[in-house]
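Everything on this sheet refers to the single structure shown next.
The values are calculated or read from the model by the stated rules, or taken from the named source; none is laboratory data. Predicted model, so just to flag it, every value in this text is computed and none were measured. Heads up, the Cβs are rebuilt from the backbone with ideal geometry, glycines too, and the neighbour counts pull from every protein chain shown.
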Amino acid sequence: MTRDDFETLLVHGVYGADERTAGALTVPIYQTATYRQGEIGIEPEFDYSRSANPTRRVLERHIALLEEGDSGFAFSSGMAAITALLLLFGSGDEILIPRDLYGGSYRLLEVHFRNFGLKWRIVDTTDAEGLEREFSPDTKAILLETPTNPTLRVSDIAAVSRAAHRHGALVIADNTFLSPYLQRPLPLGADIVVHSATKYIGGHNDVLAGLVVVKDPEIAERFLMIQKSTGGVLGPFDSYLLIRGLKTLALRMDRETESATAIARWLLEHPGADRVFYPGLESDIGYAVNSLQADGAGGLLSFELSAAHSLPAFFAALSVITPAESLGSVESMACHPATMSHASIPPEMRAEMGISDRLIRLAIGIEGLSSLKDDLKRAFDASKL
Ligand SMILES: Cc1ncc(COP(=O)(O)O)c(C=O)c1O
């Protein structure tokens, strides 16, 4: 699919126009839990909204097309989606995870799934060659995030997929940070894509949602039953919000990537920033792989605040950029991973993951670039010790 075709597909999706209203261009919100049944004994297309809902179905087909997979599934949050995905595995199975996996996914594995006998192990997913030695007969999947959160480390999706497939393991790619506009893991070799659609796909910080796309029809069939059985599905109105979000995904991500690149370059020169992590910088360790497999580095970057600045004062001085946990919205946000997104990870493990207590993650939105830079300048000045 060319970039042009993709941009058109984002806007038009799979929905033409509503037949019942002679052409409503916007997807109707079927706010219903159940449906009148026709002839008894004949299974209707829609019988109960946990199984299927027409608004959710438009979204699910749309995301499947965008990610180039067989089937799409919409959930009430990214974590509901990841919980459902882990139910593809059983007691004794092992999942490999990157060292700076999203804290919520780590907590889910460590605190909850461990009780059911599902094992996990941290590996360096950025080292595809070394990864070959990490698979055991119990390894059933590798959960990949690229770039990772919050240190933006990049893994080679095609190389990791080749290694995983040689050992009979599935590759589940969390594509939250780049979205299908900038990166499509399935054609690169991954088996399943998952999103916290709360982020770039929703795009406006007004909906909590998760999306899954499965490449293989047989796995999709199994997963459909998991979705129906567990029931953490996305509501009709929230499904509509995601369809609306997708229409402007390309515009938002282009703008956010452009501003993030400019801010990362500016931070590189700033004495208040010790280290800058952004795979869109030529000097970044992940630049080459990211440039090969993605159409951009996205709106997320992080940096270590120098010891010459007070961290609380830096956050307190921000006024355009909001101190907040989330990312991927039109509003810029700043997160302190050690106390926010990654607080559930023990400090020793955070240190091992490269998440220092002075790390600040910026999720760049669509505000004017100079107002963002001025805000950061003010915060650096106000926090100088
Ligand atoms: C990479 C990643 N995956 C999954 C999630 C969980 O998604 P949600 O907050 O929508 O449940 C998040 C949330 O921040 C995330 O950043």
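Could you check how many residues of the stretch 102-111 are touching a residue at least 12 places away in the same chain (Cβ under 8 Å) and either away from the ligand (no atom under 11 Å from the Cβ) or of a type in the set (A, V, I, L, M, F, W, C) (or both)? Write out each step before concluding.
Initially, the stretch 102-111 is screened for residues touching a residue at least 12 places away in the same chain (Cβ under 8 Å), giving 102-109.
Checking the rest, the ones that are also either away from the ligand (no atom under 11 Å from the Cβ) or of a type in the set (A, V, I, L, M, F, W, C) (or both) come to 108-109.
Here the count works out to 2.
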query: What residue, among those in the stretch 341-356 that are within 20 Å of the chain's Cα centre (by Cα) and either farther than 20 Å from Leu301 by Cβ or among the hydrophobic types (A, V, I, L, M, F, W, C) (or both), is surrounded by the most Cβ atoms within 10 Å (Cβ to Cβ)?
result: Ile355
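So, Ala338, is that one surrounded by fewer than 21 Cβ atoms within 10 Å (Cβ to Cβ), among the aliphatic types (A, V, I, L, M), farther than 26 Å from Asp124 by Cβ and within 16 Å of the ligand (Cβ to nearest atom) or not? If you could, list the steps in order and put the result at the bottom.
Numbers: surrounded by fewer than 21 Cβ atoms within 10 Å (Cβ to Cβ): yes; among the aliphatic types (A, V, I, L, M): yes; farther than 26 Å from Asp124 by Cβ: no; within 16 Å of the ligand (Cβ to nearest atom): yes.
So Ala338 fails the test.
Would you pick out the residues in the stretch 234-261 that are among the hydroxyl-bearing types (Ser, Thr, Tyr) and in contact with a helix residue (DSSP H, G or I) (Cβ under 6 Å, 6 or more places away or on another chain)?
The first filter runs over the stretch 234-261 and keeps only residues among the hydroxyl-bearing types (Ser, Thr, Tyr), leaving 239-240, 248, 257, 259, 261.
Once the filter is applied, which keeps residues that are among the hydroxyl-bearing types (Ser, Thr, Tyr) and in contact with a helix residue (DSSP H, G or I) (Cβ under 6 Å, 6 or more places away or on another chain), the stretch 234-261 yields Ser239, Tyr240, Ser259.
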- request: Tell me which residues, restricted to the stretch 221-240, are charged (D, E, K, R) and more than 14 Å from the ligand (Cβ to nearest atom).
  value: Glu221, Arg222, Lys228
task: Can you work out which of the residues in the stretch 281-304 that are of a type in the set (A, V, I, L, M, F, W, C) and surrounded by 23 or more Cβ atoms within 10 Å (Cβ to Cβ) is nearest to Ala209 (Cα to Cα)?
output: Leu300
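In the stretch 161-175, is there at least one residue being farther than 17 Å from Ile97 by Cβ, surrounded by 24 or more Cβ atoms within 10 Å (Cβ to Cβ) and in contact (Cβ under 8 Å) with a residue 60 or more places away in the chain?
Kept after step one, since they are farther than 17 Å from Ile97 by Cβ, are these residues of the stretch 161-175: 162, 165-166, 168.
In the following step, the residues that additionally are surrounded by 24 or more Cβ atoms within 10 Å (Cβ to Cβ) were identified as none.
There is no residue in the stretch 161-175 that is farther than 17 Å from Ile97 by Cβ, surrounded by 24 or more Cβ atoms within 10 Å (Cβ to Cβ) and in contact (Cβ under 8 Å) with a residue 60 or more places away in the chain.
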message: If I ask for residues that are among the hydrophobic types (A, V, I, L, M, F, W, C), surrounded by 13 or more Cβ atoms within 10 Å (Cβ to Cβ) and without any contact (Cβ under 8 Å) to a residue 40 or more places away in the chain, which ones from the stretch 10-47 would you list?
response: Phe46
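Starting from residues that are surrounded by fewer than 24 Cβ atoms within 10 Å (Cβ to Cβ) and under 17 Å from Ser326 (Cα atoms), keep the ones in the stretch 203-220 and report whichever is nearest to the ligand (Cβ to nearest atom).
Initial filter on the stretch 203-220 (surrounded by fewer than 24 Cβ atoms within 10 Å (Cβ to Cβ)): 204-208, 215-220.
Going one step further and asking which of them are under 17 Å from Ser326 (Cα atoms), we end up with 204-208.
Values: His204: 14, Asn205: 11, Asp206: 13, Val207: 9, Leu208: 5 Å.
It comes out as Leu208.
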message: With the requirement that a residue be more than 10 Å from the ligand (Cβ to nearest atom) and among the charged types (D, E, K, R), what does the stretch 182-202 give you?
response: Arg184, Asp191
task: Could you tell me which numbered condition Arg361 fails, if it satisfies all but one of (1) surrounded by 23 or more Cβ atoms within 10 Å (Cβ to Cβ); (2) modelled with pLDDT under 95; (3) of a type in the set (Lys, Arg)?
output: (2)
- request: Residue by residue through the stretch 42-98, note down the ones that are within 27 Å of Ser326 (Cα to Cα) and among the aromatic types (Phe, Trp, Tyr).
  value: Phe73, Phe75
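Between Val194, Val207, which is closer than 20 Å to Leu87 by Cα and of a type in the set (Val, Ile, Thr)? Explain how you work it out, then say what you get.
On the way: Val207 fails: closer than 20 Å to Leu87 by Cα.
Within the list Val194, Val207, the selection yields Val194.
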Matching residues, the stretch 85-101, being touching a residue at least 60 places away in the same chain (Cβ under 8 Å) and assigned to a loop (DSSP other than H, G, I, E, B): Leu87, Leu88, Arg99, Asp100
